[in-house]
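Here the structure comes first, spelled out in structure tokens, and everything after it is commentary.
The values are calculated or read from the model by the stated rules, or taken from the named source; none is laboratory data. Here the structure is a predicted model, which means the values were calculated and not measured. We place every Cβ from the backbone using ideal geometry, glycine too, and count neighbours over all the protein chains shown.
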């Protein structure tokens with residue numbers, strides 16, 4: 001039996017369709033993250049990008065996200081290895097680090113909703129960054145996984 005593409009290809013060898021299918025849909029990359037200026041530590045918040053549809057846990061304008069949110073980070077095989085804020089649970093990060101996909105990932109389970117029903121996404125747990133004053137963002141820090149990012 002042939003192994004699935006994510007077990008035989010590096011991230012930079014995947015087709016665009018394969019690359020997109022690896023995303024687990026957790027939307028943790030769409031969260032506002034705060035960096036400590038002194039230590040460089042990254043803190044996740046319960047604040048999401050203004051383009052995230054919190055009910056669907058998807059970008060409302062995925063194709064045009066960079067034009068609408070200039071600081072949106074477009075993930076690439078190269079950036080996955082460089083972004084220290086990628087969550088430990090991120091499918092791209094897991095594959096890059098050789099950890100494989102978790103059982104709840106839709107490519108393993110066949111169920112795209114398991115990421116949400118299993119509590120691995122931010123669905124229903126965030127508010128738009130546009131609803132909070134910048135000086136209050138620190139009040140929205142949360143440890144999503146009980147682990148460092």
Q) In segment 75-111, which residue that is touching a helix residue (DSSP H, G or I) at 6+ places or on another chain (Cβ under 9 Å), touching a residue at least 60 places away in the same chain (Cβ under 8 Å) and closer than 20 Å to residue 43 by Cβ is surrounded by the fewest Cβ atoms within 10 Å (Cβ to Cβ)? A) 88
Q: Kindly establish whether residue 84 is in a loop (DSSP other than H, G, I, E, B) and either over 25 Å from residue 136 (Cβ atoms) or in contact with a strand residue (DSSP E or B) (Cβ under 8 Å, 6 or more places away or on another chain) (or both).
A: yes
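For segment 133-149, name all the residues that are assigned to a loop (DSSP other than H, G, I, E, B) and in contact with a strand residue (DSSP E or B) (Cβ under 6 Å, 6 or more places away or on another chain).
Scanning segment 133-149 gives 142, 144, 149.
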Q: Kindly indicate the residue of segment 112-130 that is in contact (Cβ under 8 Å) with a residue 12 or more places away in the chain and assigned to a helix (DSSP H, G or I) and also surrounded by the fewest Cβ atoms within 10 Å (Cβ to Cβ) among those meeting that condition.
A: 130
Q | Sole exception among (1) over 17 Å from residue 28 (Cβ atoms); (2) at pLDDT 95 or above; (3) part of a helix (DSSP H, G or I) for residue 100, by number | A | (3)
